[in-house]
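For reference, the structure discussed in these notes is given below.
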Amino acid sequence: MKRNLKSVLSLPLASALRASRALRRNLTRLYAHASLTADLAAPLPASAVVEGKAYVYGTRNIRFGENVLLYPGLHLETQESAAIDIGNGVVISRGAHIVAMAGVSIGDGSMIGEYSSIRDANHQRSDERSIRESGHTAKPIFIGKEVWIGRGVTVLGGVTIGDRATVGANAVVTRNVEPGAIVAGVPAVPLRRT
């Protein structure tokens, strides 16, 4: 009897939820867009699609271009006078971390894979202080246009990645990447040019 009642009640409910799926998705996007807009110092373009909660820390000096696509769990942080500048048509996947203490620039049409880390600063060590209190060194990061950064990539401070370059999944980028190059590994090294 319980099984029949459950089946009888769940089918109409499932149908109603399927029918409302698009509405729920649009409401989630609208709320996420409004939430991110409230957290930024500069306005978020109306053309931005925000799929879920993005977390903003620090000075909030973050600028987005038109038609960006942002997946949930994005961590954005700026400190001091640093800025994060994200170009038009950029896609940033779930769980990516972008931290700027000197500056991070991402060119038009670039794609950042899930759980990638783009951080322009490193901690310093001091005999007199804890690592947390020893300060940091920071150098800006420049990511060109139409760059594809794979899943789980780490990009370190001072790196420039040229236009149309590709960075393979889980690579650690410690030095500049030429335009059109394909790099992979730890540390990332050139595989070939497109």
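Data overview
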read-out: Which listed residue is touching a Ser or Thr at 6+ places or on another chain (Cβ under 8 Å), open to solvent by 40 Å² or more (accessible area, probe 1.4 Å) and among the β-branched types (Val, Ile, Thr), from Thr28, Thr59, Thr37; value: Thr59
read-out: Every pair of residues 6+ apart whose Cβ atoms lie under 9 Å, when the first sits in the stretch 23-43 and is farther than 15 Å from Pro72 by Cβ and touching a residue at least 12 places away in the same chain (Cβ under 8 Å) while the second is of a type outside the set (Asp, Glu) and part of a loop (DSSP other than H, G, I, E, B); value: Leu40/Arg60; Leu40/Asn61; Ala41/Thr59; Ala41/Arg60; Ala41/Asn61; Ala42/Arg60; Ala42/Asn61
read-out: Within the stretch 104-141, considering residues that are among the hydrophobic types (A, V, I, L, M, F, W, C) and within 18 Å of Leu76 (Cβ to Cβ), the one farthest from the chain's Cα centre (by Cα); value: Ala138
read-out: Unique match (being at pLDDT 95 or above, over 13 Å from the mean Cα position of the chain (by Cα) and buried (at least 18 other Cβ atoms within 10 Å of the Cβ)) among Ile92, Ile149, Ile161; value: Ile161
read-out: Some residue of the stretch 143-151 being touching a Phe, Trp or Tyr at 6+ places or on another chain (Cβ under 8 Å), among the basic types (Lys, Arg) and in contact (Cβ under 8 Å) with a residue 24 or more places away in the chain; value: yes
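The values are calculated or read from the model by the stated rules, or taken from the named source; none is laboratory data. None of the values given here were measured: they were computed from a predicted structure. Reconstructed Cβ throughout: ideal geometry from the backbone, glycine too, with neighbour counts over all protein chains shown. With ligands, DNA and RNA removed, areas are computed over all heavy atoms of the protein, side chains included. Shrake-Rupley method; radii C 1.70, N 1.55, O 1.52, S 1.80 Å.
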